[in-house]
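Chemist: Have a look at this one.
The values are calculated or read from the model by the stated rules, or taken from the named source; none is laboratory data. Because the structure is predicted, anything quoted here is derived from the model rather than measured. Backbone-built Cβ (ideal geometry, glycine too); neighbour counts: all protein chains shown. Ligands, DNA and RNA are excluded from the accessible area calculation, which covers all protein heavy atoms including side chains. Shrake-Rupley method; radii C 1.70, N 1.55, O 1.52, S 1.80 Å.
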Amino acid sequence: VQLQASGGGLVQAGGSLRLSCAASGRAFSQSTTAWFRQPPGKEREFVAAIRWTNVKVYADSVKGRFTISRDVAKNLMYLQMDSLKPEDTAVYYCAVGGGVIQSALSLMRSYNDWGQGTLVTVSS
């Protein structure tokens, strides 16, 4: 699967952005899709995932502010980010895996295909 993330940019604290990720090469209707991010100088971390059963899981740091969704018919996935904070500044990556069990959703190794990343900068 080839993934193309887009939608990043510069936004003020409290603002919103919506990231998109287009998949080609394989339909992900039976896959788990996720967003990770890598803040400057830090390791990549889990943000949110949605299983093929439509179960959604979020990192505690974004719960209540971010919403993951996808359009299976169009092979698109989204990350709606509201109430953004400066600490949300990072390169955001979309990822696709197989039938990932719930306890492994936050693990990078659960995902086989990764997008190139899109930069989100939140100013204070």
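Chemist: Could you give me the residue pairs with C-beta distances under 8 Å whose first residue belongs to the stretch 39-63 and is under 17 Å from residue 76 (Cβ atoms), whose second residue is open to solvent by 70 Å² or more (accessible area, probe 1.4 Å) and not hydroxyl-bearing (Ser, Thr, Tyr) wherever it lies, and which are 6+ apart or on separate chains?
Modeler: That search, which allows pairs on different chains as well, returns 48/56; 49/56; 50/56; 51/102; 52/30.
Chemist: Do the conditions hold for residue 103, that is, is it out of contact with any helix residue (DSSP H, G or I) (no Cβ under 8 Å at 6 or more places or on another chain), open to solvent by 60 Å² or more (accessible area, probe 1.4 Å) and at negative phi?
Modeler: Working: out of contact with any helix residue (DSSP H, G or I) (no Cβ under 8 Å at 6 or more places or on another chain): yes; open to solvent by 60 Å² or more (accessible area, probe 1.4 Å): yes; at negative phi: yes.
So residue 103 fits the description; yes.
Chemist: If you take the residues in the stretch 27-83 that are more than 22 Å from residue 102 (Cβ to Cβ) and charged (D, E, K, R), which one is most open to solvent (accessible area, probe 1.4 Å)?
Modeler: My answer is 43.
Chemist: Do we have residue 20 as open to solvent by less than 50 Å² (accessible area, probe 1.4 Å), without any contact (Cβ under 8 Å) to a residue 24 or more places away in the chain and within 11 Å of the chain's Cα centre (by Cα) here?
Modeler: no
Chemist: Determine whether the stretch 69-85 contains at least one residue that is acidic (Asp, Glu), farther than 15 Å from residue 2 by Cα, assigned to a loop (DSSP other than H, G, I, E, B) and in contact (Cβ under 8 Å) with a residue 40 or more places away in the chain.
Modeler: yes
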